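The values are calculated or read from the model by the stated rules, or taken from the named source; none is laboratory data. Owing to the predicted nature of the structure, the values given are computational and were not obtained by experimental measurement. Cβ: placed from backbone, ideal geometry, glycine included. Neighbour counts: every protein chain shown.
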Amino acid sequence: MTHAAARNPRQAAEAYQDLVLPEVSRTFALTIPQLDPRLRTVIANAYLLCRIADTIEDEQALPSDVKQQFHDRFTRVVASTEDPHSFARDLAPLLHGNTLAAERDLVANTASIIAVTDGFNLAQRESLARCVRTMCTGMPDFERHASTAGLADLREMDRYCYYVAGIVGQTLTDLFCDYSPRIAERREAMSKLDVSFGQGLQMTNILKDFWEDRDRGVCWLPHDLFARAGVRLEDIRRSDIPAAFGRGYAQLIGIAHSHLRNALEYTLLVPEKETGIRRFCLIALGLAMRTLASILAQPDFTAGTQVKVSRQVVKKIVIASRLFAGYSRVLQRWFARLADGLPLQALADDWRGLLPDPRAAWPRSDACGPAHAMPLK
């Protein structure tokens with residue numbers, strides 16, 4: 001740490017944030033640096049806050065009631081009504097099960113992350129607090145009832161994806177609008193797509209990580225979709241994968257593909273001159289599309305590593321995002337090439353009908369002008 005950083009607590013906190021990000025996420029360590037510095041810090045902070053919430057939930061050594069206590073406390077920490085030092089001091093020693101060392105270090109340094117949060121404007125702080133509150137209240141309910149039998153149906157899958165990813169899409173819209181008045185003018189259109197963007201990315205992860213999730217006793221696939229084809233998700237084994245399972249997977253790939261088409265439309269609503277935001281979105285979108293293609297090509301895969309995008313493909317996607325970010329028509333053709341051969345299934349007209357709208361129950365700031373108060377629906 002430099003002497004200047006030592007004299008400036010906020011600077012030291014931001015330095016820690018930059019240091020820990022690549023330790024806890026390779027993907028976001030790749031995408032967040034694409035952003036303008038005015039956005040980079042707040043979006044990195046948003047990701048790390050969500051990662052702390054995830055770490056609470058993922059720690060196998062914590063009983064469910066203790067997890068909920070820490071979720072509630074963390075919600076108060078982000079809302080500035082509880083001390084982050086005591087939260088970290090109580091939680092970090094308990095993370096001795098499956099939590100990675102970098103994640104444990106992140107939790108131990110919660111106060112540094114919150115020091116960065118506290119430096120943001122009111123609209124940004126409200127959005128981050130809403131995101132964490134929504135995630136920490138919705139995600140645990142699904143985790144507590146998870147099993148290898150899967151979720152009940154596609155509706156439940158939509159709701160699960162909302163609490164772990166759709167709310168993040170809404171938060172990105174908030175932060176993008178706060179950053180740019182031109183983007184804020186397009187808030188209504190973006191708000192119709194941001195949850196879908198998050199769901200497309202999350203569904204891709206669910207499909208890729210099926211076997212790893214199963215190994216820890218959970219499944220996020222819709223039970224009814226596979227049951228109609230005579231497949232019981234709890235009975236699937238690596239040594240005997242029925243063809244009907246692959247057909248169900250193809251249907252879900254088609255749904256994820258539809259969500260990712262919405263993600264492209266969302267990205268194209270960002271003004272062409274905002275190439276940093278576009279690159280941030282495009283890299284995530286490109287990786288998801290290539291992952292879906294890899295899954296479709298290997299329906300009998302038995303580990304996420306078998307369908308993971310290679311470093312060479314990652315490099316190509318990053319290069320494409322740099323070359324084409326400012327050219328909407330070129331991006332449409334690029335996406336069409338990525339989508340070649342992927343099934344496509346239209347989303348139900350009311351797929352958002354049962355999703356919550358946390359903005360409706362949260363105090364609003366006028367810091368972003370009239371656009372900040374536009375409803376989700």
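Kindly list, by first and then second residue, each pair from a residue in the stretch 36-63 that is of a type in the set (A, V, I, L, M, F, W, C) to a residue that is in a loop (DSSP other than H, G, I, E, B) and surrounded by fewer than 22 Cβ atoms within 10 Å (Cβ to Cβ), limited to pairs with Cβ atoms under 6 Å and residues at least 6 apart or on different chains.
The qualifying pairs are 42/120; 61/96; 61/97.
Could you please let me know if residue 53 is out of contact with any Leu (no Cβ under 9 Å at 6 or more places or on another chain) and closer than 19 Å to residue 133 by Cβ?
yes
Report yes if some residue within the stretch 173-190 is out of contact with any Ser or Thr (no Cβ under 8 Å at 6 or more places or on another chain), surrounded by fewer than 24 Cβ atoms within 10 Å (Cβ to Cβ) and closer than 29 Å to residue 68 by Cβ; otherwise report no.
no
Output the residues belonging to the stretch 227-257 that are of a type outside the set (A, V, I, L, M) and either outside the structural domain of residue 347 (by TED's automatic domain parsing) or within 20 Å of residue 342 (Cβ to Cβ) (or both).
Answer for the stretch 227-257, where residues must be of a type outside the set (A, V, I, L, M) and either outside the structural domain of residue 347 (by TED's automatic domain parsing) or within 20 Å of residue 342 (Cβ to Cβ) (or both): 245, 246, 247, 248, 249, 251, 254, 257.
Only one residue in 117, 75 is farther than 28 Å from residue 315 by Cα, in contact (Cβ under 8 Å) with a residue 12 or more places away in the chain and surrounded by fewer than 21 Cβ atoms within 10 Å (Cβ to Cβ). Which one?
Answer to the selection: 75.
Quick one: in the stretch 41-90, of everything that is of a type in the set (Ser, Thr, Tyr) and in a helix (DSSP H, G or I), which residue is nearest to residue 176 (Cα to Cα)?
41
Among the candidates 189, 123, single out the residue that is assigned by TED's automatic domain parsing to the domain that holds residue 239 and touching a residue at least 24 places away in the same chain (Cβ under 8 Å).
Details: 123 fails: assigned by TED's automatic domain parsing to the domain that holds residue 239.
That would be 189, the only listed residue that is assigned by TED's automatic domain parsing to the domain that holds residue 239 and touching a residue at least 24 places away in the same chain (Cβ under 8 Å).
Residues of the stretch 302-333 being assigned to a loop (DSSP other than H, G, I, E, B) and without any contact (Cβ under 8 Å) to a residue 40 or more places away in the chain, which ones?
309, 310 - these are the residues of the stretch 302-333 that are assigned to a loop (DSSP other than H, G, I, E, B) and without any contact (Cβ under 8 Å) to a residue 40 or more places away in the chain.
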